[in-house]
Amino acid sequence: MRTIITIIFIGLVYVTLAQNYVPNQLIVQLESKKSIDKSIEQAQVFLPEAEFIMLQPLSKSLNIWLVGYNETNVTSENAVATIERVSSVALAQVNHAGIKNRNQPNDAEYGQQWCHFNSNDADMDTEEAWDITTGGVTALGDTIVVAVIDGGADLTHEDLNYWRNYQEIEANGIDDDNNGYVDDYNGWHVYKNSGTVYEDDDVNMAGSWDDHGIHVSGIIGAKGNNGIGVSGVSWNVKVMAIRGSSTDEAVLVKSYGYVYDQRMIYNRSQGDSGAYVVATNSSFGVNYGDPAAYPIWCGLYDSMGEVGILSAVAGPNLGINIDNEGDVPGACPSAYTLSTTNSRNNDNRNNGAGYGLVHCDIAAPGTDIYSTIAGDSYGFKTGTSMATPQVAGAIGLMYAAAPAAMLSNNLNYPSVTAATIKNYMLTDGFDSVASMAGESVTGGRLNLFKALTALEQYDTTSTEISNVKRKTSGFKLSPNPASDVLMISSSEEPQNIKIYSILGELIYSNIISGTTKIDVSQIEAGLYFVIISNGQREETQRVVITR
């Protein structure tokens with residue numbers, strides 16, 4: 001019997017789902033270059049009555065597939081276990097349903113663009129940051145793109161800068177740039193597998209949720225200093241519109257797969273095609289979600305990080321500790337996510353937003369945020385959905401301010417640059433706020449000026465946090481946070497254990513067996529990444545050291 005999971009859509013509806021997956025469907029990721037047809041054939045040998053069948057590719061580049069089976073004959077648990085027996089399968093899971101878009105809660109207060117300037121100094125010091133750069137282009141001439149996976153887009157809005165794929169001819173029915181997506185001139189409509197991202201005829205996306213995606217886009221990159229409307233965090237950044245916010249996990253995987261492909265193409269072509277996507281923005285998630293149940297979704301953040309993409313993810317619109325209660329994607333253990341909570345114009349966390357010393361990274365203004373909506377209009381919205389694009393926009397702005405030395409080899413080693421940007425944001429790019437102490441990794445609220453000025457101190461000898469790969473059988477850290485002693489327990493032995501600081505410095509390295517006690521009393525307080533490997537696969541977890 002499956003565990004009942006409660007998922008809450010703040011301001012709209014409370015839903016309890018006994019079956020939180022799409023019947024008869026699995027999401028399967030294969031090892032590199034392995035065949036889906038041969039993998040299904042092998043699974044059929046193990047369990048013929050399952051009637052496995054390939055339904056569709058979710059990301060060919062990452063070898064992720066949607067696989068069908070007959071739930072009348074076998075349980076979902078048996079289907080997953082059988083697929084996992086196939087040697088070519090890296091990961092397998094059910095296709096989760098019930099994923100909720102994190103929209104507007106009901107406790108709204110009002111204030112117009114206070115996030116950029118506020119008399120209480122609860123803003124992000126944006127005006128000071130704009131004296132350094134207003135964004136759009138890197139020191140090496142790359143056009144910076146932030147991908148918004150959401151509802152609708154208003155491609156003709158007077159105050160928005162949307163990305164265009166100029167290697168593609170619009171609406172000619174041909175994949176002109178051979179990137180696997182026909183007519184993706186304006187972005188991608190994941191439901192329809194088309195480049196039409198602005199239609200309001202999809203029951204999954206119709207209505208006010210279109211405004212949500214447009215509002216988010218304006219927070220990130222509304223045109224600044226043009227005499228109309230509002231200013232985004234980065235005035236000239238290009239927003240990639242992806243119509244893919246969904247309750248269906250497979251749709252989310254396809255959405256991230258499109259972003260991954262565009263950046264991978266850009267890297268491989270040395271900027272001749274694709275898109276220089278530096279960040280994704282996502283406003284969906286599973287309240288109380290266990291990341292271990294979503295290995296492919298969480299793993300996508302690592303895959304995108306390896307090609308140079310950071311992901312700003314919205315925490316829950318619930319006043320819960322996600323370290324204890326769980327959250328997806330907020331608690332996904334990736335080195336390339338920035339889990340965000342919602343701050344108010346009095347510099348307190350909105351009490352309807354999630355928090356957590358280990359898995360919540362930073363707060364950003366998200367209450368009563370004024371931004372673009374459809375039809376050249378503007379309006380207020382509140383939620384972690386509004387805080388997260390402040391962080392996504394900040395990533396874009398930081399890339400514009402980054403020195404050429406940092407970017408000199410970032411198409412060949414893009415994960416290094418991405419990790420460096422995140423590290424500077426979480427070590428320097430915030431104001432400490434007393435009321436937020438212990439509520440996030442930073443214990444503070446995003447400060448754009450500090451984030452940009454920190455980049456001036458870039459050190460070419462900085463090291464990279466090791467890429468997170470596929471999961472081993474798991475390991476446990478306790479206590480977390482830790483102050484004097486950290487206990488590490490692993491079900492596999494022997495294992496290599498490494499602890500990295502947030503700046504990528506190796507703090508500890510050893511080979512462990514079973515349960516090991518590590519003295520952390522002399523380690524400086526802060527966030528660290530614990531990476532354990534068996535020589536073939538790696539798993540990472542966060543740990544916070546306190547004093």
Fill in the blank from the handout: Contact list, first residue from the stretch 387-414 and in the same structural domain as Q270 (by TED's automatic domain parsing) and small (G, A, S), second anywhere and surrounded by fewer than 24 Cβ atoms within 10 Å (Cβ to Cβ) and at pLDDT below 90, beta-carbon distance below 6 Å, six or more apart or interchain, is A405/T460
Problem - Residue count for the stretch 503-533, restricted to those that are part of a strand (DSSP E or B), free of Cβ contacts under 8 Å to residues at least 40 places away in the same chain and among the aliphatic types (A, V, I, L, M) - result: 4
Completion exercise
Residue hits (the stretch 307-332; touching a helix residue (DSSP H, G or I) at 6+ places or on another chain (Cβ under 6 Å), farther than 22 Å from M398 by Cβ and in a strand (DSSP E or B)) are V328
Exercise for the section: Could you tell me whether the stretch 392-401 includes any residue that is assigned to a loop (DSSP other than H, G, I, E, B) and of a type outside the set (G, A, S)? Expected result: no
Fill in the blank from the handout: Of those in the stretch 486-502 that are within 12 Å of E539 (Cβ to Cβ) and not in a strand (DSSP E or B), the residue modelled with the highest pLDDT is S491
Practice task
Please work out if V182 is at pLDDT 95 or above and more than 25 Å from the chain's Cα centre (by Cα).
Solution key: yes
Completion exercise
Per the filter on the stretch 257-275, residues in contact with a strand residue (DSSP E or B) (Cβ under 7 Å, 6 or more places away or on another chain) and either of a type outside the set (K, R) or at pLDDT below 95 (or both) are G257, Y258, V259, Y260, Q262, Y266, A275
Completion exercise
Those residues of the stretch 16-75 which are under 22 Å from R263 (Cβ atoms) and either touching a His at 6+ places or on another chain (Cβ under 6 Å) or of a type in the set (S, T, Y) (or both) amount to S32, S59, S61
Completion exercise
Q536 passes all but one of the listed conditions (1) in a strand (DSSP E or B); (2) modelled with pLDDT under 85; (3) closer than 28 Å to T417 by Cα; the exception is number (1)
Exercise for the section: Answer yes or no: is there a residue in the stretch 381-390 that is part of a helix (DSSP H, G or I), farther than 22 Å from S334 by Cβ and at pLDDT 95 or above. Expected result: yes
Practice task
Name every residue in the stretch 144-178 that is surrounded by 15 or more Cβ atoms within 10 Å (Cβ to Cβ) and of a type in the set (V, I, T), in order of residue number.
Solution key: I144, V145, V146, V148, I149
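The values are calculated or read from the model by the stated rules, or taken from the named source; none is laboratory data. Computed from a prediction, not measured in an experiment: that's the story for all the values here. Every residue, glycine as well, gets a Cβ built from its backbone with ideal geometry; the counts of neighbours run over all protein chains shown.
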